[in-house]
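The values are calculated or read from the model by the stated rules, or taken from the named source; none is laboratory data. Keep in mind it's a predicted model, so treat the numbers as computed, not measured. Reconstructed Cβ throughout: ideal geometry from the backbone, glycine too, with neighbour counts over all protein chains shown.
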Amino acid sequence: MIQLKILKKKIIIFHSNHSYEILLIALLFHLYGSVFFTDLHFYGTYVRIINTIILYFASTNSFFQRKNKISQTNKIIIFTTLFLNLSLLLFDGNQVLKVIREFSYLIFLSLILYNTAVFLFSPHRLDKALISASISGYLLIIEIAVRTFMIFYQSNKNHILSNIDFSYHTNTFIDTVYFCTVTITSIGYGDVLPISHNAKMATSLLGLTGQFYLVIIMGIMVSKFISKEK
């Protein structure tokens, strides 16, 4: 029993000291983990769920480290979102549940991004945790964009983006991740295009957000480096 308590304490300390490095790895696997699999049905049925659970636990440090009333709200949101994701294992065809899940996921990701932004603006800090947090923030913007398009799909999936595979939910997710990634990075291959007015505006906003984020991060990094040199 004592050894288990010691192990638990070590895990908590490790998680606290490397929370944003862990979050970065979790986000990379959640968004791009399919690159290691050829069987997308297996990946979508088992691996994506595991990746999602890992992402939840990887983000808990940014949620629970604040001892105030907001922290209690965050706890409710994170556990509600986790429950809704797991419930899809039993009710995969329920469209109402899917919409609620996507909205809760959107709020959940936005809260992680907010907590990450607060950390990025923390004074007099320039280390690997800050670099990991800055990359995590970029990936979180992609995650939020993906969830936004997934919500758009619920209204009229055939008139949002072109060349998106709707035959299987994992294929849809992968295609949307691809589109959001090439948009925010300004690569823009042009093989997937926005169709509806909402999709066009969301795509434009995503491209602007990506550019503004890079400018802000560069400003933060330079400012912290100059402060550290002084």
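Annotations
- Residue match in the range 211-221 (condition: closer than 19 Å to L31 by Cβ, in contact with a Leu (Cβ under 6 Å, 6 or more places away or on another chain) and either of a type in the set (V, I, T) or in a helix (DSSP H, G or I) (or both)): no
- If the condition is being farther than 25 Å from A26 by Cβ and outside any strand (DSSP E or B), then the range 166-196 contributes F166, S167, S186, G188, Y189, G190, D191, V192, L193, I195, S196.
- Residue in the range 149-170 that is touching a residue at least 24 places away in the same chain (Cβ under 8 Å), under 25 Å from V118 (Cβ atoms) and surrounded by 15 or more Cβ atoms within 10 Å (Cβ to Cβ) present: no
- Of the numbered criteria (1) in contact with a Pro (Cβ under 7 Å, 6 or more places away or on another chain); (2) loosely packed, with under 15 Cβ neighbours inside 10 Å, the one M201 fails is (1).
- Members of the range 186-202 that are out of contact with any His (no Cβ under 9 Å at 6 or more places or on another chain) and in contact (Cβ under 8 Å) with a residue 24 or more places away in the chain: S186, D191, V192, L193, P194, N198, A202
- There is at least one residue in the range 175-187 that is farther than 27 Å from T45 by Cα and loosely packed, with under 14 Cβ neighbours inside 10 Å.
- Matching option when the condition is surrounded by 12 or more Cβ atoms within 10 Å (Cβ to Cβ), within 19 Å of the chain's Cα centre (by Cα), within 23 Å of E143 (Cβ to Cβ) and modelled with pLDDT under 80, among H30, H18: H18
- Residues of the range 213-224 satisfying the condition of being among the hydrophobic types (A, V, I, L, M, F, W, C) and surrounded by 11 or more Cβ atoms within 10 Å (Cβ to Cβ): L214, I216, I217, M218, I220, M221
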